[in-house]
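Below: the structure, in structure tokens.
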Amino acid sequence: MTLEQVRTPTKAEAAYEALRDAIRSGDLPPGHRLRLQQTARELGMSLTPVREAIRLLAAHGLVEQQANLGAVVSRFGRDSAEEIYRLRLVLEPMAAELAAERATAEDLAEIGTALDRITRALAADRPYDIPELNAAFHRAVYRAARSPYLLEFIDRLWNGVPFQAISLAGRHETSARQHREILAALRDRNGEQAARLMHAHIAEASAETLRRLDPAQQPRPAT
């Protein structure tokens, strides 16, 4: 048996991951200013790795460099969300199709575990856990595609519209059912079906997210 070498992240990578997760979770909200010295102090690091982490965040679209303010957590709006979802509707079904072809038994078990966690959260009435668990399910599927570049592009798109902005309110059961159908297609090695189901799943999330980003598009009460 050949063991893979365990790689220890650099301090800059560790800082990037900590800040990325804080942005995705909403702990660092859109518009929040990342002051270098304060951020380094909170992370318990020197300025150099934190400066590099902020540079990576900017490269991935999570922060913007603004005049007189420096690094600020990026805001998102309807126009950017529309473009991001157009790309997600192409890339994520592609990843699902590849996952159906390439997923190992361990990959499928990981995806199933991610789905079980969503089911348990629903049963325990923990709606605030769902966005993170939903993201974990999708990541498990896309990792199974065994396509590093594709995974990188998808991750960049998820950064553009933080998964907390993807409202699942009123769609928990529907989303869970769609996840189960996607997993079934993966287990059947039916790439075409997996891609079709993922496209429909993301299209529904897109419509709801865009509606919530633009109150003018919300349905008016019947008169």
| said: Looking at ASP27 and the list (1) among the charged types (D, E, K, R); (2) out of contact with any helix residue (DSSP H, G or I) (no Cβ under 7 Å at 6 or more places or on another chain); (3) not in a loop (DSSP other than H, G, I, E, B), which single condition is not satisfied? | reply: (3)
| Is one or more of the residues making up the range 36-57 assigned to a loop (DSSP other than H, G, I, E, B) and either β-branched (Val, Ile, Thr) or touching a Gly at 6+ places or on another chain (Cβ under 8 Å) (or both)? | no
| message | Suppose the filter is over 17 Å from SER147 (Cβ atoms) and either in a strand (DSSP E or B) or of a type in the set (A, V, I, L, M) (or both); does ALA96 pass it? | response | no
| request: Within the range 26-49, identify whether any single residue is touching a His at 6+ places or on another chain (Cβ under 9 Å) and either modelled with pLDDT of 90 or more or among the hydrophobic types (A, V, I, L, M, F, W, C) (or both), and answer yes or no. | output: no
| query | Only one of GLU64, GLU82 is within 22 Å of HIS199 (Cβ to Cβ) and of a type in the set (D, E, K, R); which? | reply | GLU82
| Only one of PRO131, PRO29 is under 22 Å from GLU208 (Cα atoms), without any contact (Cβ under 8 Å) to a residue 40 or more places away in the chain and not small (Gly, Ala, Ser); which? | PRO131
| Residue check for ALA135: in the same structural domain as LEU87 (by TED's automatic domain parsing), farther than 18 Å from ASP21 by Cβ and modelled with pLDDT of 85 or more | no
| field | Sole residue being under 15 Å from TRP158 (Cβ atoms) and not hydrophobic (A, V, I, L, M, F, W, C), chosen from GLY61, GLY70, GLY31, GLY77 | value | GLY61
| message | Please go through (1) within 17 Å of GLY160 (Cβ to Cβ); (2) in a loop (DSSP other than H, G, I, E, B); (3) not acidic (Asp, Glu) for ASN68 and return the number of the only condition it doesn't satisfy. | response | (1)
| task | Would you check if ARG88 is of a type in the set (Lys, Arg) and free of Cβ contacts under 8 Å to residues at least 40 places away in the same chain? | result | no
| said: Being in contact with a helix residue (DSSP H, G or I) (Cβ under 9 Å, 6 or more places away or on another chain), at pLDDT below 85, basic (Lys, Arg) and surrounded by 15 or more Cβ atoms within 10 Å (Cβ to Cβ): is that true of ARG20 here? | reply: yes
| Looking only at residues in the range 67-89 that are surrounded by 12 or more Cβ atoms within 10 Å (Cβ to Cβ) and modelled with pLDDT under 85, which one is nearest to ILE23 (Cα to Cα)? | SER74
| request: Assess whether ALA123 counts as being over 22 Å from ARG24 (Cα atoms), more than 19 Å from the chain's Cα centre (by Cα) and surrounded by 18 or more Cβ atoms within 10 Å (Cβ to Cβ). | output: no
| field | Hits in the range 126-148 - residues which are part of a helix (DSSP H, G or I) and under 14 Å from ALA99 (Cα atoms) | value | PHE137, HIS138, ARG139, ALA140, VAL141, TYR142, ARG143, PRO148
| task | For the range 53-65, enumerate the residues that are more than 22 Å from the chain's Cα centre (by Cα) and in contact (Cβ under 8 Å) with a residue 12 or more places away in the chain. | result | none
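The values are calculated or read from the model by the stated rules, or taken from the named source; none is laboratory data. Since the structure is predicted, the reported quantities are computational estimates derived from the model, not experimental observations. Positions of Cβ are generated from backbone atoms using ideal geometry, with glycine treated the same way; all protein chains shown enter the neighbour counts.
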